[in-house]
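Asks: One structure, pasted below without further comment.
The values are calculated or read from the model by the stated rules, or taken from the named source; none is laboratory data. Because the structure is predicted, anything quoted here is derived from the model rather than measured. Note that we place each Cβ from the backbone using ideal geometry, even for glycine, and neighbour counts take in every protein chain shown. To get the accessible areas, we keep the full protein, side chains included, count just its heavy atoms, and leave off ligands, DNA and RNA. Shrake-Rupley method; radii C 1.70, N 1.55, O 1.52, S 1.80 Å.
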Amino acid sequence: MVRGVVPRQPAKTGRHEGVRVSRSLNKSREITGLPPEQQGQRPGTAKPKKPALGAKYNPLAPERIAEILRRLDQVYPDVTCALTHKSAWELLVATILSAQSTDVNVNRVTPELFRKYPTVADFAALTPEQLEPDVRSTGFFRNKSKSVVGAAKKIVSEFGGQVPDDMERLLTLPGVARKTANVVLGTWFRKADGVVVDTHVTRIARRLELTKNTDAPKIEQDLMKVIPREKWILFAHQLIWHGRKLCFARRPKCVDCALENICHAGDKTWSTVEIHKNAKL
Ligand code: SF4
């Protein structure tokens, strides 16, 4: 590069050098949320269809949702939960420990933990204080110890030592809310009872305008309405992986993102489409 010449960055508005989107094409994108090639037109060759009078951009339009799912399938075809586990119990414990922590951090702790205490009954025989040193590095270790030991005691005393495979009973376990229950049901039992909503799913669902809510239960309800049930399990994992790889909380790598031209997030770092300033965390 010639010294002193700094490459131009895209404007936040989506208007920047090198991006030539005609007014009419832009308008058609606003209606469906899709670029012209997704509407059966080659860019710059065919005239986009005139939007029906009064038609507005609908982020929840079925064709836009289908396109998001199609692209996620292309980029993340077979992703799953990154927590190391060999049983429903191990997955339940790992998920409880993963709150406010990272999967990498939890995966450092659990192999030794399950060597030391191989069965649910082993955990049920502990006091929370006895477990604390083993889970300390995952953070919030006092509460997590209490939840894990409490869950083990209940599973042994009320569920015959087996992790329940339905939402209702899972939610009776200490430390288990819908997110943890959905992880166990979806990943281990392959049951789609809901959508896992963690910090990544929350952020990306808002950026993609699939929800306007900020609390997990409402976001889950919103996603369950627009995502087909058979996609609930995979879709959540895809967003979680996307959040780890590109769609970071700060400075997402939009320039490398497969969803870029159908994402109008207000905090994009690169855009070829119009920005919607409320579409962010
Ligand atoms: S374009 Fe940017 S903000 Fe939108 S989904 Fe991709 S990485 Fe996230």
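Asks: Aspartates and glutamates near LYS245 by alpha-carbon distance under 19 Å, same-chain residues fewer than 8 away left out - which ones?
Replies: ASP73, ASP78, ASP103, ASP198, ASP256, GLU260, ASP267
Asks: Using a 1.4 Å probe and ignoring any ligands, DNA or RNA, find the accessible area of SER157 and quote it in Å² to the nearest 10.
Replies: Accessible area of SER157: about 90 Å².
Asks: Does segment 204-281 come out rounded, prolate or oblate, given a ≥ b ≥ c as the square roots of the eigenvalues of its C-alpha gyration tensor, rounded meaning a/c under 1.5 and, failing that, prolate meaning a/b above b/c?
Replies: Judged from the Cα gyration tensor, segment 204-281 comes out prolate (a/c at least 1.5, a/b above b/c).
Asks: Right, another one. Under a crude label model (7 Å from the Cα following the beta-carbon direction), how far is LYS218 from GLN100 in nanometres?
Replies: It works out to 2.4 nm between the two label points.
Asks: Could you sort MET224, MET167 by their accessible area in this structure, using a 1.4 Å probe and putting the largest first?
Replies: MET224, MET167
Asks: Please give the per residue accessible area of segment 82-175, computed with a probe of 1.4 Å over protein heavy atoms only, in Å².
Replies: Value returned for segment 82-175: 49 Å² of accessible area per residue.
Asks: I need the trypsin sites (Lys or Arg not before Pro) found in segment 145-240, filtered to DSSP loop residues with at most 15 other beta carbons within 10 Å of theirs.
Replies: When the trypsin sites (Lys or Arg not before Pro) of segment 145-240 are filtered for loop state and at most 15 Cβ neighbours within 10 Å, ARG190, LYS212 remain.
Asks: For TYR76, what accessible area in Å² do you get when you roll a 1.4 Å probe over the heavy atoms of the protein chains, rounding to the nearest 10?
Replies: Approximately 10 Å² for this residue.
Asks: Grab the beta carbon distance between GLU274 and ALA177, set R0 = 30 Å, and tell me the FRET efficiency rounded to 0.05.
Replies: The calculated FRET efficiency here is 0.25.
Asks: Give me the extension gain from GLU112 to ARG229: residue separation times 0.36 nm, minus the current Cα-Cα distance, reported in nm with one decimal. Don't jump to the answer; show the numbers that get you there.
Replies: Details: separation 117, 0.36 × 117 = 42.12 nm, distance 3.63 nm.
Here the answer is 38.5 nm.
Asks: Can I ask one more? Could you derive backbone 3J(HN,Hα) for segment 203-210 from the dihedral phi with the Karplus parameters 6.51, -1.76 and 1.60 (θ = phi - 60°), listing whole Hz in sequence and x where the residue is Gly or Pro?
Replies: Karplus values, whole Hz, x for Gly and Pro: 5, 6, 4, 6, 5, 7, 6, 8.
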